[in-house]
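Below is one structure; the comments refer to it alone.
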């Protein structure tokens with residue numbers, strides 16, 4: 001008996017060692033490979049998925065099995081396979097469902113039978129979406145992007161490539177590759193948690209960026225994860241789908257006793273967020289059997305040219321079907337960058353009754369297992385359900401060799417890096433010149449912003465030249481990183497030289513917390529409104545071409561200490577102590593290309609002429625508390641990182657002018673509160689708002705920079721949409737009132753209306769509308785309403801505004817700015 005037990009135990013332990021490998025190629029009837037076809041061992045959850053070449057491998061213990069080969073739109077093929085102790089090859093050919101097609105009879109004046117099937121599916125979709133109160137499933141995620149071309153220049157700017165990117169001279173090859181195994185736990189309606197069990201990535205973990213489960217039982221299909229601001233796409237079985245799609249029954253066939261209807265899905269109109277392709281519905285149960293759907297740029301797809309998603313569903317319990325695998329393929333050709341990508345999700349080990357303990361679901365939405373990154377290549381060889389392709393194997397090997405080289409760099413490596421750097425006149429004058437000093441203990445990086453970009457003209461300094469230097473010291477080891485920003489400025493008309501610097505110390509760990517302390521000091525020229533309502537380039541343009549000097553400046557010798565910290569609970573603190581020795585400035589330059597008879601306004605804001613600005617000192621303390629409730633977190637093995645929330649952000653600021661200390665001449669106290677929020681309504685668009693209030697508790701002694709200023713705009717363009725008033729003058733409403741209120745709201749329709757307007761929908765121009773207003777008292781208030789078009793060339797936005805001020809006629813204006821898919825991401829130095 002002991003011998004029998006021992007033999008059984010030894011057999012169980014050694015069984016995996018005697019597993020044999022079954023491999024082969026899956027093709028269609030014409031010999032073309034079927035990428036990512038599914039292979040399942042009937043009666044078990046074991047199986048695999050072919051790669052993009054149709055090649056599969058499956059390690060399995062000796063025995064007799066029923067292999068089931070499946071591919072969307074093709075007849076399933078079942079084969080009985082006897083596995084011995086030796087590897088064997090098994091190639092199979094799958095045939096399209098046309099070979100099983102039953103004749104579809106459509107009366108000449110009748111409705112296509114597909115419509116009845118779709119209506120039944122729509123009735124049942126909510127049931128299938130919420131069929132299980134909870135579930136747990138293991139998902140293998142694989143993402144790969146292959147580039148076909150990388151341009152040498154984009155918009156006239158050279159594309160810098162890493163010498164160790166592994167691509168050929170044309171930029172062709174594997175750019176990024178990642179594999180992950182995660183466990184998805186869900187409880188209806190909205191609680192979920194992802195546990196990353198293992199991860200093997202080189203480049204970027206792209207597999208986690210696509211939705212883990214893309215459900216077509218919802219009205220609004222999210223192809224990307226919820227964090228995206230995408231509108232989403234209308235499901236072919238959404239509640240109102242018949243208003244958006246046409247349907248045609250292609251064929252009907254029977255598989256395993258189930259009658260399956262294949263339906264062609266065609267959008268009724270272009271420029272709507274709609275799919276095209278086929279969806280298969282099981283007759284009588286009206287559940288999704290499989291689907292093969294595509295998105296293109298004609299149907300609200302941005303930046304990506306095509307996106308194709310395939311799903312194969314199957315039974316996981318009596319009466320319960322779930323997704324078995326999902327393949328998302330993309331292609332892109334933007335600004336000369338061409339490439340393709342594929343993202344594979346393989347689902348296994350469904351548990352419909354996981355029995356979660358109380359408190360299992362909390363604000364941690366993703367958790368990394370302590371050993372998720374420790375799995376070696378042998379682990380992945382044994383567990384990955386998709387066979388690696390030749391270029392993927394080479395990519396992993398190349399990246400591993402680069403990592404090994406980086407860990408053991410010889411001294412000659414750093415000498416080589418230094419020698420290959422170039423200092424060019426064009427970089428010093430226009431582009432950014434950068435130089436690095438490398439060593440085994442640290443890296444010191446110096447950057448100089450192009451000097452010509454620092455040229456400006458204003459009536460105070462005349463021609464002014466700025467030189468902005470940046471030093472970054474990054475030790476290989478140690479808890480902190482160090483930055484020094486050094487700004488120099490010279491006015492050729494008033495002959496003033498200003499220079500100041502900011503030294504910042506940041507912890508190396510947890511960069512998302514934005515924790516730092518900085519020390520600043522020197523001499524500078526500042527705008528009276530610290531929010532800088534007009535930038536130097538725009539002021540230069542208006543000064544030279546329209547003889548309008550909107551920028552109002554004063555000079556100050558200053559020193560400050562600034563501390564910032566963001567905590568994991570969504571609470572943030574920002575504290576600042578500033579000392580300024582303020583010095584008035586006068587106009588010294590009067591040149592303009594045109595309007596020679598027009599006079600420049602004084603540098604002192606005309607609307608505040610009654611408030612003198614004489615030399616004085618100011619010591620100011622400021623504290624800002626910010627909080628965003630509903631924080632969600634990613635739990636790493638050694639720390640927890642906040643990923644934000646969909647709730648509003650609240651902030652409270654208190655600022656005090658401290659009298660007498662260090663000779664300070666100011667004495668005031670003021671407060672400000674604010675609430676901001678971006679609410680994504682998906683197909684209905686994106687709603688943004690900022691609401692604020694504040695006032696002076698006391699104002700015994702103050703000067704113009706200490707007042708409350710509203711960000712007006714008297715120029716033709718605007719880029720501070722949620723913190724400005726597009727037609728308001730700059731300083732006309734500056735005040736020290738005990739209370740004020742302000743608000744900015746705007747709704748980005750994101751194609752909700754314009755996708756039905758010819759030309760607009762083709763150009764993908766979107767409507768934006770909103771209003772801005774502030775109130776100080778019955779004689780000081782302002783309101784404006786605007787409507788505009790954004791996403792013009794993916795970059796620009798044009799608004800038409802009507803503004804109302806007391807005792808004045810309604811004003812009208814047009815403002816141009818940045819807005820849209822790419823434009824909203826641009827930031828400019830002000």
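The values are calculated or read from the model by the stated rules, or taken from the named source; none is laboratory data. No experiment lies behind these values; they were computed from the predicted model shown. A quick note on method: Cβ atoms are made from the backbone with ideal geometry, for glycine too, and the neighbour counts reach across all protein chains shown.
Brief remarks follow.
- Taken together, 30, 51 contain a single residue that is at pLDDT 90 or above, exposed (fewer than 10 other Cβ atoms within 10 Å of the Cβ) and part of a loop (DSSP other than H, G, I, E, B), which is 30.
- Hits in region 722-744 - residues which are surrounded by 19 or more Cβ atoms within 10 Å (Cβ to Cβ) and out of contact with any strand residue (DSSP E or B) (no Cβ under 8 Å at 6 or more places or on another chain): 730, 731
- Some residue of region 755-762 being modelled with pLDDT of 95 or more, under 24 Å from residue 686 (Cβ atoms) and touching a strand residue (DSSP E or B) at 6+ places or on another chain (Cβ under 9 Å): no
- Which numbered condition residue 676 fails, given (1) in a loop (DSSP other than H, G, I, E, B); (2) touching a helix residue (DSSP H, G or I) at 6+ places or on another chain (Cβ under 8 Å); (3) free of Cβ contacts under 8 Å to residues at least 60 places away in the same chain: (1)
- Among the residues making up region 442-465, a single one is part of a loop (DSSP other than H, G, I, E, B) and closer than 13 Å to residue 487 by Cβ: 449.
- When 711, 735 are checked against the criterion of being in contact (Cβ under 8 Å) with a residue 12 or more places away in the chain and touching a helix residue (DSSP H, G or I) at 6+ places or on another chain (Cβ under 8 Å), 711 stands alone in meeting it.
- Pairs with Cβ under 9 Å, 6+ apart, first in region 363-380 and more than 17 Å from residue 178 (Cα to Cα), second part of a helix (DSSP H, G or I): 366/208
- Scanning region 755-769 for residues that are in contact (Cβ under 8 Å) with a residue 60 or more places away in the chain and either surrounded by fewer than 17 Cβ atoms within 10 Å (Cβ to Cβ) or in a strand (DSSP E or B) (or both) yields 756, 762.
- Among residues of region 338-359 that are within 18 Å of residue 317 (Cβ to Cβ), those with a Cβ under 8 angstrom from a residue that is surrounded by fewer than 16 Cβ atoms within 10 Å (Cβ to Cβ), sequence gap 6+ or separate chain, pair up as 348/45; 349/45; 350/45; 350/317; 352/317; 352/320.
- The one condition in (1) more than 29 Å from the chain's Cα centre (by Cα); (2) in contact (Cβ under 8 Å) with a residue 12 or more places away in the chain; (3) exposed (fewer than 13 other Cβ atoms within 10 Å of the Cβ) that residue 630 fails to fulfil: (1)
- Index of the failed condition, residue 619 passing every other in (1) modelled with pLDDT of 95 or more; (2) surrounded by fewer than 18 Cβ atoms within 10 Å (Cβ to Cβ); (3) touching a helix residue (DSSP H, G or I) at 6+ places or on another chain (Cβ under 9 Å): (2)
- Residues located in region 778-793, provided they are touching a residue at least 60 places away in the same chain (Cβ under 8 Å) and either within 17 Å of residue 719 (Cα to Cα) or outside any strand (DSSP E or B) (or both): 786
- Positions within region 734-754 being assigned to a loop (DSSP other than H, G, I, E, B) and modelled with pLDDT of 95 or more, in sequence order: 734, 736, 737, 738, 739
- Hits in region 166-188 - residues which are under 19 Å from residue 633 (Cα atoms) and modelled with pLDDT under 80: none
- Taking the conditions (1) under 47 Å from the mean Cα position of the chain (by Cα); (2) modelled with pLDDT of 90 or more; (3) exposed (fewer than 10 other Cβ atoms within 10 Å of the Cβ); (4) not in a loop (DSSP other than H, G, I, E, B) in turn, residue 64 satisfies each one other than (1).
To keep it simple, each residue is scored yes or no on (1) surrounded by fewer than 18 Cβ atoms within 10 Å (Cβ to Cβ); (2) outside the structural domain of residue 181 (by TED's automatic domain parsing).
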residue: 328; (1), (2): no, no
residue: 335; (1), (2): yes, no
residue: 347; (1), (2): no, no
residue: 350; (1), (2): no, no
residue: 376; (1), (2): yes, yes
residue: 380; (1), (2): yes, yes
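- Candidates 597, 638, filtered to the one that is within 44 Å of the chain's Cα centre (by Cα), surrounded by fewer than 14 Cβ atoms within 10 Å (Cβ to Cβ) and without any contact (Cβ under 8 Å) to a residue 24 or more places away in the chain: 638
- Given (1) surrounded by fewer than 21 Cβ atoms within 10 Å (Cβ to Cβ); (2) touching a helix residue (DSSP H, G or I) at 6+ places or on another chain (Cβ under 8 Å), index of the condition residue 751 fails: (1)
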